[in-house]
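Student: Below you'll find the structure I mean.
The values are calculated or read from the model by the stated rules, or taken from the named source; none is laboratory data. On a predicted model such as this, the values are computed, not experimentally measured, just so you know. We place every Cβ from the backbone using ideal geometry, glycine too, and count neighbours over all the protein chains shown. These area figures cover heavy atoms from the full protein model, side chains too; ligands, DNA and RNA do not enter into them. Shrake-Rupley method; radii C 1.70, N 1.55, O 1.52, S 1.80 Å.
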Amino acid sequence: MIVAIDGPAGSGKSSVSKAAARELGFAYQDTGAAYRAFAWYCVEQGVDLHNPDDVTDAVPGFDYAIGTDPDRYYVRVGRHDVTDDIREPRISAVVSAIARVPAVRERLTAIFREIMASTERPGIITEGRDITTVVAPEAPARILLTADEDVRMSRRSAELAGTQPEHLVAEQLGARDRLDSQVVDFMSAADGVVTIDSTHLTFDETVRAVTDLVRATMATDR
Ligand code: C5P
């Protein structure tokens, strides 16, 4: 059972997807982590992130691994555990630049599909920006998770626990969404994709909306 979830930055899709996967006994794949890990790798290698040819040349050397168990989540590049490093603002600031390079999207999409195909659990929740439309358009359950912009900003600020001024978080989030929107549309639901708007929902209610939809889909598929 493949569950595809897309949404903008700060929509809560990572934490909601992880909690829903845990409850359903599913695996969990955060595709943003792969784009972040590739950005981290390019920074480490001294690649010019704004030169698409240099970024493309770095693709074959990218050795990526993630833990899809929602309770043992990790992200690795080669022998480095980058689970925390990829969340740093220096990576958030540059990830959109590498995410627009076609060779990067192609390689990462292939990796995402391999991970979905090889899960040993009864299902996998894969979340990102283009999962419902490009990576897994055939998934039986496809969800667009949204929330009003001010709510997304304040949730992201809370997540960063005051480590950065709120206006900077808002600026960076807005800038990232604008850049990312030029590459894929994750602000509107494609045909057959169910929108869950979490603006007025608690975290638990949002997780419940996802698990209810997945269970209903599994029941009709049976
Ligand atoms: O989900 P997260 O905010 O961690 O994603 C980081 C970045 O990875 C996004 O800003 C976007 O540039 C890129 N991304 C993407 N396609 C996806 C997932 C993430 O382009 N499916």
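Student: Only residues that are over 22 Å from LYS13 (Cα atoms) and open to solvent by 20 Å² or more (accessible area, probe 1.4 Å): list them for the stretch 29-48, please.
Tutor: Passing the criteria: TYR41, VAL43, GLU44, GLN45, GLY46, VAL47, ASP48.
Student: Here is a list: TYR35, TYR64, TYR74. Which entry is closer than 22 Å to SER181 by Cα, within 16 Å of the chain's Cα centre (by Cα) and modelled with pLDDT of 95 or more?
Tutor: TYR35
Student: While we're on this one: Report, by residue number, each residue of the stretch 80-90 that is at pLDDT below 95 and open to solvent by less than 90 Å² (accessible area, probe 1.4 Å).
Tutor: Passing the criteria: GLU88, PRO89.
Student: Name the residues in the stretch 180-214 that are assigned to a helix (DSSP H, G or I), open to solvent by 60 Å² or more (accessible area, probe 1.4 Å) and in contact (Cβ under 8 Å) with a residue 12 or more places away in the chain, would you?
Tutor: PHE203
Student: Right, here's the next one. When both residues are 6+ apart or on different chains and their Cβ atoms are under 9 Å apart, which pairs have a first residue that lies in the stretch 158-177 and is more than 16 Å from the ligand (Cβ to nearest atom), and a second that is part of a helix (DSSP H, G or I) and among the aliphatic types (A, V, I, L, M)?
Tutor: GLU166/MET153
The rows are residues; the columns are (1) touching a residue at least 60 places away in the same chain (Cβ under 8 Å); (2) touching a Phe, Trp or Tyr at 6+ places or on another chain (Cβ under 6 Å).
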residue	(1), (2)
ILE5	yes, no
ALA19	yes, no
GLU23	yes, no
TRP40	no, no
GLY61	no, no
TYR73	no, no
VAL82	no, yes
ARG90	no, no
ALA99	yes, yes
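Student: Do you know which residues across the stretch 16-63 are charged (D, E, K, R) and within 14 Å of the ligand (Cβ to nearest atom)?
Tutor: Passing the criteria: LYS18, ASP30, ARG36.
Student: Checking ARG105 against (1) within 13 Å of the ligand (Cβ to nearest atom); (2) within 19 Å of PHE62 (Cα to Cα); (3) touching a strand residue (DSSP E or B) at 6+ places or on another chain (Cβ under 9 Å); (4) not polar (S, T, N, Q), only one condition comes out false. Which one?
Tutor: Tallying (1) within 13 Å of the ligand (Cβ to nearest atom); (2) within 19 Å of PHE62 (Cα to Cα); (3) touching a strand residue (DSSP E or B) at 6+ places or on another chain (Cβ under 9 Å); (4) not polar (S, T, N, Q), ARG105 fails exactly one: (3).
Student: Pull out all pairs, ordered by first then second residue, where Cβ-Cβ is under 7 Å, the residues are six or more apart or on different chains, the first lies in the stretch 105-126 and is open to solvent by 90 Å² or more (accessible area, probe 1.4 Å), and the second is assigned to a helix (DSSP H, G or I).
Tutor: If the second residue must be assigned to a helix (DSSP H, G or I), the pairs left are ARG107/VAL59; ARG113/VAL135.
Student: VAL95: within 12 Å of the ligand (Cβ to nearest atom) and either basic (Lys, Arg) or within 30 Å of ASP191 (Cβ to Cβ) (or both), yes or no?
Tutor: Yes, satisfied.
Student: Tell me which of these LEU49 doesn't satisfy, since it passes every other one: (1) under 27 Å from ALA216 (Cα atoms); (2) touching a Cys at 6+ places or on another chain (Cβ under 8 Å).
Tutor: (1)
Student: Turning to a different aspect of this structure: Restricting attention to the stretch 123-130, does a residue exist that is assigned to a helix (DSSP H, G or I) and either modelled with pLDDT of 95 or more or more than 12 Å from the ligand (Cβ to nearest atom) (or both)?
Tutor: no
Student: A further question follows. Across the stretch 127-179, what is the number of residues that are buried (at least 20 other Cβ atoms within 10 Å of the Cβ) and touching a strand residue (DSSP E or B) at 6+ places or on another chain (Cβ under 9 Å)?
Tutor: The number of residues fulfilling the criteria is 17.
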